[in-house]
Structure formats: C-alpha cells, structure tokens
Amino acid sequence: MDPTTDNAGSSGSARSSLESLRTEISKAVVGQDPAVTGLVVALLCRGHVLLEGVPGVAKTLLVRALAASLELDTKRVQFTPDLMPSDITGSLIYDARTTEFSFQPGPVFTNLLLADEINRTPPKTQSSLLEAMEERQVTVDGTPRPLPEPFLVAATQNPVEYEGTYPLPEAQLDRFLLKLTVPLPSRQDEINVLTRHAEGFNPRDLRAAGVRPVAGPADLEAARTAVAKTSVSPEITAYVVDICRATRESPSLTLGVSPRGATALLSTARAWAWLTGRDYVIPDDVKALALPTLRHRVQLRPEAEMEGVTADSVINAILAHVPVPR
C-alpha cells in the first residue's frame, strides 16, 4: 500500500470523525455551532477554551455533550469562592497505617476538565490551573506529576459585570487558546429547546438523548498530525504578524496581542483550514479565527470602553484595514 494514500485516508477518516461531533452534540445542544467548532479547533491545537455567556445558555451542557461524544475521561469542578488550589490539583494525604504521605490526585488529572464558573473563585485558586494548562503537569511538594494526554480545560464564566465574579488575570487569559461567546438563542432555537424539554429531554442524561462516542484519542492524534502538515505560506505568516502588530498600535487598546497570541492565531487558522478540507491556509482562515483567538488577549482603554468600543469591534476594524495577501 502507498503510504501517502494511507496517510490521506487516515486524515480523511479523522476529519470525518471530528465533523460528526457536531451532529452528536446537536442532539443535546440547539444551535451554538460556532462554539462547537471552537472546541474542536482547541482539541486539534492542544489548547484550552474559555466559554463566556450569561447563566442558562447551555455552556456546561455543551462541554458535557462534547465529553460524551469523545472516548475521553472527563471531570467537572464547580468553582466557588471557598475553593482551594488543592481541591483542583490534589494534595498529600497522611496514611496512619504506613506512617507515610501519599499523593491523592485532584480532578485536574483527567482528559477534559470542565471548570464551571471559573471566575467565581478568587485569583489564588484560578492561578492553580496555570501550570496545568501551560506545562501539562502539576507540582506538589516539589514533585512534578504529568497530566494525561490529551488534556483540555474548558472553562465557563459569567460576564465580568455580574456580581460575585473575579476577573481572570491577563496571564491566565493568555493561556486560553480561544475565548468563545455563547449568546442567547434565536427565537426559533429557543422554541426548539422548549419543545425538546416538553418531549422529555433530560440534560442530565445525555445517553438517553442518544449522544454516543463518535471519536477517540486515535482520531484526535491522526487529526493533529494532519494539521501539523497543513502548509503556511510566508505571505500568510506575515499577514498574521501584521494583524497582531496592528493591535499594539491601536489607540483604543492599552494592551495588544503578544507573539504568543500571533502563534495561537496561526495554529487555529491551520486547524480550521484542515477541518474545511484543505492542506494549506488562506487569509479567510485567519479572519475566521481572529475574533475567538484574539479578543481576550487585548485590553481596552477605559475611555474607549465608556464610548461603547469592544474588543471585537477593534479587531474587526483591524481586519478591515490590514492588507490581505493575494
């Protein structure tokens, strides 16, 4: 068998499996296709996702449906004001029988960690995830302990103006590959939600809703290998750099996108190109992922914020002005 053909077949099969995630998740979640796509892109890029929306728009259900559609271990942590770092990472427990301390792993030792309402816990506990997200390990009592592979943090948060929330520090926001906004549903989508519930849908029983695993670690690894082979021209690389440099010069921003953010945009654009069936990146791929990849990496000036300017509007204006490579 020609190995080139074999690799292409493997790549196509992996793409098909990941695309079918949308169908499975739609059995539980109505609409929200952009958020579903963002979660798949994050899996391909070994990144983490921040989901923001008002309470009751199915943020938690979306992540649970993703976990149910993948053959991956998953755990959920409800972030509260009294949550301690050791409640997430684990701690040393004294065993009276052996008179020794043994490590009790926390819920972070999983493939998909759902950090529910992450901005309801103080910064000290929020920061306990930093090492896990960046280094994919947890250090307890000086001993580094690797996390399972794959590992993804899907964190939900309420908008920061809600009472009892702690804004995530810039250093932690930068560790999230994507920030996805989960909007209120359209009128028709809301009618569909209520119709499902009237027909007996139980969001706590996804198996009864027909959600089944349709992809697993092997599909994910094959897909990541294919994404890594997606070609990027020098013109596209320069386009990504120009967009990110423009954020640093924007009069509406006090903080622009760092080189890490530029790297993230290139990675997500490659993943999107592969998902859409191409083995090369075009400018539209960069534009498609610019908002979710960059919106949380910039900081508005207070006067701009008071005038109603948003991070999304600044980035959209930059995309409209930065020359697109031909």
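The values are calculated or read from the model by the stated rules, or taken from the named source; none is laboratory data. Remember, it's a predicted structure, so these values are computed and weren't measured experimentally. Glycine also receives a Cβ, built like all others from the backbone with ideal geometry; neighbour counts cover every protein chain displayed. What goes into the accessible areas is simple: the full protein's heavy atoms, side chains included, and nothing from ligands, DNA or RNA. Shrake-Rupley method; radii C 1.70, N 1.55, O 1.52, S 1.80 Å.
Tabulated results
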{"read-out": "Residue identified as modelled with pLDDT under 85 and among the small types (Gly, Ala, Ser) among Ala68, Ala58, Ala35", "value": "Ala58"}
{"read-out": "Filter result for Ala271 (closer than 20 Å to Thr237 by Cα and out of contact with any Ser or Thr (no Cβ under 9 Å at 6 or more places or on another chain))", "value": "no"}
{"read-out": "Residue within segment 4-18 that is modelled with pLDDT of 85 or more, aliphatic (A, V, I, L, M) and surrounded by fewer than 23 Cβ atoms within 10 Å (Cβ to Cβ) present", "value": "no"}
{"read-out": "Top-ranked residue of segment 62-96 - restricted to ones that are surrounded by fewer than 18 Cβ atoms within 10 Å (Cβ to Cβ) and in contact with a Gly (Cβ under 8 Å, 6 or more places away or on another chain), ranked as farthest from Leu50 (Cα to Cα)", "value": "Ser91"}
{"read-out": "Any hit, segment 231-249, residues being under 21 Å from the mean Cα position of the chain (by Cα) and of a type in the set (Ser, Thr, Tyr)", "value": "no"}
{"read-out": "Qualifying positions in segment 231-254 - closer than 19 Å to Ser267 by Cβ, open to solvent by less than 50 Å² (accessible area, probe 1.4 Å) and among the hydrophobic types (A, V, I, L, M, F, W, C)", "value": "Val232, Ile236, Ala238, Val240, Ile243, Cys244"}
{"read-out": "Matching residues, segment 178-197, being among the aliphatic types (A, V, I, L, M) and open to solvent by less than 90 Å² (accessible area, probe 1.4 Å)", "value": "Leu178, Leu180, Val182, Ile191, Val193"}
{"read-out": "Residue that is farthest from Asp33 (Cα to Cα) [pool: residues in segment 262-296 that are in contact with a strand residue (DSSP E or B) (Cβ under 6 Å, 6 or more places away or on another chain) and open to solvent by 30 Å² or more (accessible area, probe 1.4 Å)]", "value": "Tyr280"}
{"read-out": "Hits in segment 297-326 (condition: among the basic types (Lys, Arg) and surrounded by fewer than 21 Cβ atoms within 10 Å (Cβ to Cβ))", "value": "Arg301, Arg326"}
{"read-out": "Filter pass, Val41 being buried (at least 22 other Cβ atoms within 10 Å of the Cβ) and either closer than 23 Å to Pro159 by Cα or touching a residue at least 24 places away in the same chain (Cβ under 8 Å) (or both)", "value": "yes"}
{"read-out": "Odd one out for Val211 among (1) within 15 Å of Ser267 (Cα to Cα); (2) open to solvent by less than 20 Å² (accessible area, probe 1.4 Å)", "value": "(1)"}
{"read-out": "Any hit, segment 105-112, residues being surrounded by 12 or more Cβ atoms within 10 Å (Cβ to Cβ) and more than 27 Å from Thr139 (Cβ to Cβ)", "value": "no"}
